[in-house]
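Enquirer: Could you have a look at this structure, given as structure tokens, before my questions?
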Amino acid sequence: MVGVGLIAIGLYFFLDRTLGVPMPRIQWGTVWPILLIGLGAIVLFRSVSRRS
């Protein structure tokens, strides 16, 4: 799942910087806490599913 996120971020910057495709501006100050919560949820669910 983390790999998909990294690919998405890479595609965003590739399209914006290399190909000149106008991409919406992302305010990373508001996005990084959401990413951190998502990562924590993934770790928690994997931990619970391994115990079952």
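Enquirer: Could you please tell me which pairs satisfy a Cβ distance under 8 Å, a separation of 6+ or placement on different chains, a first residue in the stretch 5-16 that is over 17 Å from Ile34 (Cα atoms), and a second residue that is surrounded by 10 or more Cβ atoms within 10 Å (Cβ to Cβ)?
Expert: Once the first residue is over 17 Å from Ile34 (Cα atoms) and sits in the stretch 5-16, its partners that are surrounded by 10 or more Cβ atoms within 10 Å (Cβ to Cβ) give Tyr12/Met23; Tyr12/Ile26; Leu15/Val21; Leu15/Met23; Asp16/Met23.
Enquirer: Within the stretch 16-52, which residues are small (Gly, Ala, Ser) and in a helix (DSSP H, G or I)?
Expert: Gly29, Gly38, Gly40, Ala41, Ser47, Ser49
Laboratory data are not the source of any read-out in this text; all were calculated from the coordinates shown. As the structure is a computational prediction, the values presented were derived from the model and not from experiment. Using ideal geometry, Cβ is built from the backbone for each residue, glycine included, and neighbour counts are taken over all protein chains shown.
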